[in-house]
Amino acid sequence: VPVLVVGEPGTGKRIVARAIHQRGLSPDSPLIPFDCEALPCEVLERELFGGHADSGDPAVLVPEGATLLLAHVLHLPRDLQVRLAASLDQPFRLIATSTQPPDDALRSERVHPDLFFALTPLVIRLYPLRERITEISLFAQHLLERANQRGLRQQKGFTAEALSVLE
């Protein structure tokens, strides 16, 4: 089942996508990322489909068992959206990210209906940290533990006053 991860910039969409891949059935298989916003249409077509627009073959050039990560999927040109939707019966996993909710994209015609219905059975919505204040202490502790692993100086945690400031 394709997965669509939706959230504002900075909410961790790519981290969630990588976690889904790593905890999947074949975590050793390749994760193949493309940024649909940053790459020109011609490059996306060549890399995803081999650049043969007139062949009529919607097959995506992804190894069997691999995970295709399409960041900013709603920036994928509509003709490539149709080809992608038609290729989703191939043996690869699709994880897509977007900053725009898929319903809004469908109403504004930024997403082709075929791709919309292919991507929306499993949508993970990530909310910004400002809407998850109670998680700030967990996030801060996680970052502290990562810093402790890299550094010589070890810190146990945060004072209540420090956490109050962070919140």
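Does Arg125 fit the bill of being part of a strand (DSSP E or B) and either surrounded by 15 or more Cβ atoms within 10 Å (Cβ to Cβ) or touching a residue at least 24 places away in the same chain (Cβ under 8 Å) (or both)?
Numbers: part of a strand (DSSP E or B): yes; either surrounded by 15 or more Cβ atoms within 10 Å (Cβ to Cβ) or touching a residue at least 24 places away in the same chain (Cβ under 8 Å) (or both): yes.
Judged against the criteria, Arg125 is a match.
Is it the case that Ala105 is assigned to a loop (DSSP other than H, G, I, E, B), small (Gly, Ala, Ser) and farther than 20 Å from Ile20 by Cβ? Walk me through it before giving the result.
On the way: assigned to a loop (DSSP other than H, G, I, E, B): no; small (Gly, Ala, Ser): yes; farther than 20 Å from Ile20 by Cβ: yes.
Here the answer is no, as Ala105 does not meet what is asked.
Identify, from the list Leu76, Leu61, Leu31, the residue that is farther than 15 Å from Val3 by Cβ, at pLDDT 95 or above and either surrounded by 13 or more Cβ atoms within 10 Å (Cβ to Cβ) or touching a strand residue (DSSP E or B) at 6+ places or on another chain (Cβ under 6 Å) (or both). Show your work before the answer.
Details: Leu61 fails: at pLDDT 95 or above; Leu31 fails: farther than 15 Å from Val3 by Cβ.
Exactly one residue qualifies, and that residue is Leu76.
Please count how many residues of segment 4-24 are within 11 Å of Thr67 (Cα to Cα) and either open to solvent by less than 100 Å² (accessible area, probe 1.4 Å) or aliphatic (A, V, I, L, M) (or both). Spell out the reasoning first.
Just the residues of segment 4-24 that are within 11 Å of Thr67 (Cα to Cα), to begin with: 17-18, 20-22, 24.
Within this subset, residues satisfying the condition of being either open to solvent by less than 100 Å² (accessible area, probe 1.4 Å) or aliphatic (A, V, I, L, M) (or both) are 17, 20-21, 24.
Total meeting the criteria: 4.
Does Ala71 count as in contact with a Leu (Cβ under 8 Å, 6 or more places away or on another chain), of a type in the set (Gly, Ala, Ser) and closer than 27 Å to Arg23 by Cβ?
Numbers: in contact with a Leu (Cβ under 8 Å, 6 or more places away or on another chain): no; of a type in the set (Gly, Ala, Ser): yes; closer than 27 Å to Arg23 by Cβ: yes.
No; evaluated as a whole, the condition is false for this residue.
Being in a helix (DSSP H, G or I) and out of contact with any strand residue (DSSP E or B) (no Cβ under 9 Å at 6 or more places or on another chain) is the filter; apply it to segment 44-58 and report the residue that is most open to solvent (accessible area, probe 1.4 Å).
Looking only at segment 44-58, we keep the residues that are in a helix (DSSP H, G or I), and these are 44-49, 53-55.
Filter again for out of contact with any strand residue (DSSP E or B) (no Cβ under 9 Å at 6 or more places or on another chain), leaving 45-46, 49, 53-55.
Numbers: Glu45: 30, Arg46: 123, Phe49: 10, Ala53: 66, Asp54: 145, Ser55: 69 Å².
So, considering only residues that are in a helix (DSSP H, G or I) and out of contact with any strand residue (DSSP E or B) (no Cβ under 9 Å at 6 or more places or on another chain), the one most open to solvent (accessible area, probe 1.4 Å) is Asp54.
Checking Leu69 against (1) within 20 Å of Pro9 (Cα to Cα); (2) touching a Pro at 6+ places or on another chain (Cβ under 8 Å); (3) touching a residue at least 60 places away in the same chain (Cβ under 8 Å), which single condition isn't satisfied?
So the condition that Leu69 fails would be (3).
The values are calculated or read from the model by the stated rules, or taken from the named source; none is laboratory data. Nothing here was measured: the structure is a model prediction, and the numbers come from that model. Here Cβ is always computed from backbone atoms with ideal geometry, including for glycine, and neighbour counts include all displayed protein chains. Calculation scope for accessible area: heavy atoms of the full protein, side chains included, ligands and nucleic acids excluded. Shrake-Rupley method; radii C 1.70, N 1.55, O 1.52, S 1.80 Å.
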